[in-house]
1. Working only within the stretch 75-100, note down all residues that are open to solvent by less than 60 Å² (accessible area, probe 1.4 Å) and either closer than 17 Å to Q3 by Cα or acidic (D, E) (or both).
2. Six or more apart or on different chains, Cβ atoms under 8 Å: show the pairs whose first residue is in the stretch 29-46 and on the phi < 0 side of the Ramachandran plot and among the acidic types (D, E) and whose second is assigned to a loop (DSSP other than H, G, I, E, B) and open to solvent by 30 Å² or more (accessible area, probe 1.4 Å).
3. Only one of these is surrounded by fewer than 17 Cβ atoms within 10 Å (Cβ to Cβ), small (G, A, S), modelled with pLDDT of 95 or more and over 11 Å from the mean Cα position of the chain (by Cα): A14, A40. Name it.
4. Taking the stretch 75-109 only, how many residues are assigned to a loop (DSSP other than H, G, I, E, B) and either modelled with pLDDT of 95 or more or more than 16 Å from R38 (Cα to Cα) (or both)?
5. Name, by its number, the condition in (1) in a loop (DSSP other than H, G, I, E, B); (2) at pLDDT below 95 that does not hold for M34.
Amino acid sequence: QVQLVESGGGLVQAGGSLRLSCAASGRTFSTYTMAWFRRAPGKEREVVAIILWPVSNTHYTDSATGRFTISRDNAKNTVYLQMNRLKPEDKDVYYCAAGSVGWGLKSVDYEYWGPGTQVTVSS
């Protein structure tokens, strides 16, 4: 069992940065693929970035490539999403997810979810 709690969301001006954190509980955190998803109102969750275990290979969507960085600290049971050069279209609720799959690109690939954190970018 893994429990996830996100933090670090908020309001930022376009061009600014935010660092999202996801604190996990559970002894097997380090063995899970971790991902960040986003969801707009009325839409399905879509993946933003993925980080594998144990080699920490990463995958990003086109919109995140070059601006966002996902990382994990297994000793602290935490995964991060550094978001730079934010744009108004990045505004969404961002979710942390943990799964037993490899490169899971869909929300159904993940077993555990945090409650989400709101990111708002003003123009």
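1. N77, T78, V79, Y80, D90, D92, Y94, Y95, C96, A97, A98, G99
2. Correct list of pairs: E46/T61.
3. Details: A40 fails: modelled with pLDDT of 95 or more.
Criteria check complete, one pass: A14.
4. Pass one, the stretch 75-109, residues assigned to a loop (DSSP other than H, G, I, E, B): 75-77, 84-87, 91, 100-106.
Subset that is either modelled with pLDDT of 95 or more or more than 16 Å from R38 (Cα to Cα) (or both): 75-77, 84-87, 91, 100-103.
The number of residues fulfilling the criteria is 12.
5. It fails just one condition, (1).
The values are calculated or read from the model by the stated rules, or taken from the named source; none is laboratory data. Just so you know, these numbers come straight off a predicted model, no measurement behind them. So basically every Cβ, Gly included, is an ideal-geometry build from the backbone, and we count neighbours across all protein chains shown. Note: accessible area is taken over every heavy atom of the protein model, side chains too, but ligands, DNA and RNA are not part of it. Shrake-Rupley method; radii C 1.70, N 1.55, O 1.52, S 1.80 Å.
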